[in-house]
1. Roughly how compact is the stretch 1-72, stated as its Cα Rg over 2.2 N^0.38 Å to two decimals?
2. How much length is gained if the chain between HIS21 and GLU81 is pulled fully straight, taking 0.36 nm per residue apart and subtracting their Cα-Cα distance, in nm to one decimal?
3. Counting only other residues whose beta carbon sits under 14 Å from that of ILE32, what net charge do I get with K and R as +1, D and E as -1?
4. How much length, in nm to one decimal, is gained on full extension between VAL13 and GLU94, taken as 0.36 nm per residue of separation minus their Cα-Cα distance?
Amino acid sequence: MVGFKELLRRLKVQDQMTKQHQTRLDIISEDIGELQKNQTTTMAKIAQYKRKLMDLSQRTLQVLIKQEIPRKSGYAIQADEEQLRVQLDTIQGELNAPTQFKVVKNPPANAGDLRDMGVIPGSGRSPAEEHGNPLQYSCLENPMDRGA
């Protein structure tokens, strides 16, 4: 049989165990609080480092752009851009060709000088007339279209 002394001893052991459990729960609670505080601090640092990473990435990209622009200037990015550049160069060359269009709006008083140079139509000295083609085009005509 179990006596009162045995019940009293069991009660004391249960009280001790309860105090040990409570102490351990307090320690765990403090650890959880510390971990939560550390998590908050870590999340703030992560956000700060992400912002810093984005800033450095943008700065790096700007430096790369500034380096690549001079290095790539004059080169096409795509093949069709290169074709457009060639076409524009051809058109620019045609526009800048001084022998393509020979038109004198107002002949100067000494037109004889220009006749000697073969510039005035009908002077008999133009390159077109030398080949049997009289010079008969206006500023709107393209002399290259005559043969067609």
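1. Details: Rg = 30.6 Å, N = 72, 2.2 N^0.38 = 11.2 Å.
Normalised by 2.2 N^0.38 Å, the Cα Rg of the stretch 1-72 equals 2.73.
2. Values: separation 60, 0.36 × 60 = 21.60 nm, distance 7.80 nm.
Working it through step by step, the gained length comes to 13.8 nm.
3. Details: positive: ARG24, LYS37; negative: ASP26, GLU30, ASP31, GLU34.
Once positives and negatives cancel, what remains is -2.
4. Values: separation 81, 0.36 × 81 = 29.16 nm, distance 10.89 nm.
The span from VAL13 to GLU94 would gain 18.3 nm if fully extended.
Throughout, read-outs are computed from the coordinates displayed, never taken from laboratory work. These numbers come from a predicted model, not from an experiment. As a convention, Cβ positions derive from the backbone with ideal geometry for all residues, glycine included, and neighbour counts pool all protein chains shown.
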